[in-house]
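Structure first, then comments.
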Amino acid sequence: WAPQTSELRGKVFGTYLHTLFARLGRDADAFLRELDALPVPAGQEEVHAQALERIRACLADPAIRRVLVGELDGRLLWVERKAAIHQTSPEGQTEIVPAVFDRVCLAPGRSAVIIDYKTARGASDAALRERYLGQMTAYRDAVARLTGLPRESIQCKLIGIRTDSQRVSVVDVF
């Protein structure tokens, strides 16, 4: 079985995009050169091409590039860092939920920026913010507990990548 890639279906495209973005360290230009040299998995040619197109669009956008690589001097960078998030269910029960921080830029003792990549079909920035507010609140709480930073010093940003257009954006959650 092979998924249909012509419509960039959510999970397949989003997972592939995350896999590529996980290679991004501190140097965007080196990252782009690395992506250009990657072998394309058999049967994934269209998904690969579309993912590279969206990644290039993200890094060509000055605001996104600044969020991803522009403010890293003297800071720690977590990429695809696994964590256990404590969430309270509607019934008041505490649940431990596995999570992966896509990217966290940390200035120890001062601040942090949590960055999460979101692929969406036609969603506005406001819709993305609303849809992921709960997740980003949980991530912010977890980073506060892990680092000892006050919640107010932790920003959360979504990188909105539309699957039905070329539109990319930075969405400030906190």
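The values are calculated or read from the model by the stated rules, or taken from the named source; none is laboratory data. All values derive from a computational prediction rather than experimental measurement. Every residue, glycine as well, gets a Cβ built from its backbone with ideal geometry; the counts of neighbours run over all protein chains shown. Accessible surface areas use protein heavy atoms only, side chains included; no ligands, DNA or RNA. Shrake-Rupley method; radii C 1.70, N 1.55, O 1.52, S 1.80 Å.
What length, rounded to one decimal in nm, is gained on full extension from Asp125 through to Glu46, with 0.36 nm per residue of separation minus their alpha-carbon distance? Roughly 25.8 nm would be gained on extension. Overall dimensions of the range 7-100, expressed as equivalent-ellipsoid semi-axes from the Cα gyration tensor (√(5λ), whole Å, largest first), are 29, 21, 12. For the range 151-166, backbone phi angles converted through the Karplus equation (6.51, -1.76, 1.60; θ = phi - 60°) give residue-by-residue couplings of 3, 5, 8, 10, 8, 10, 10, 9, 9, x, 10, 7, 8, 10, 7, 8 Hz, Gly and Pro being listed as x. Packing, as the average of other Cβ atoms within 10 Å across residues, places the peptides 79-89, 104-114 in the order 104-114, 79-89, highest first. The largest accessible area among Thr163, Thr137 belongs to the first residue in Thr137, Thr163, and the rest follow in falling order (1.4 Å probe, all chains). Once the Cα-Cα distance is subtracted from the 0.36 nm per residue extended length, the Arg66 to Phe174 segment shows a gain of 37.2 nm.
For Ala37 and Lys82, the difference between the fully extended length at 0.36 nm per residue and the C-alpha to C-alpha distance is 13.4 nm.
For the pair Ala144 and Asp29, label points projected 7 Å from Cα toward Cβ lie 4.0 nm apart. Its residue count N fixes a reference of 2.2 N^0.38 Å for the range 59-142, and the Cα radius of gyration divided by that reference is 1.23. What do you get for the angle between helix 28-37 and the principal long axis of the chain? Use alpha-carbon atoms, 0 to 90 degrees, nearest ten. The angle comes out near 40 degrees. Helix content alone sets the calculated 222 nm mean residue ellipticity of the chain: runs of n ≥ 4 DSSP H residues at -39500 (n - 2.57) each, divided across all residues, give -12000 deg cm²/dmol. About its Cα centre, the chain has a charge dipole of approximately 260 debye under the convention of +1 per Lys or Arg Cβ and -1 per Asp or Glu Cβ, with nothing else charged. Rg over Rh for the range 102-174 works out to 1.02, using Cα positions for both radii and the Kirkwood form for Rh.
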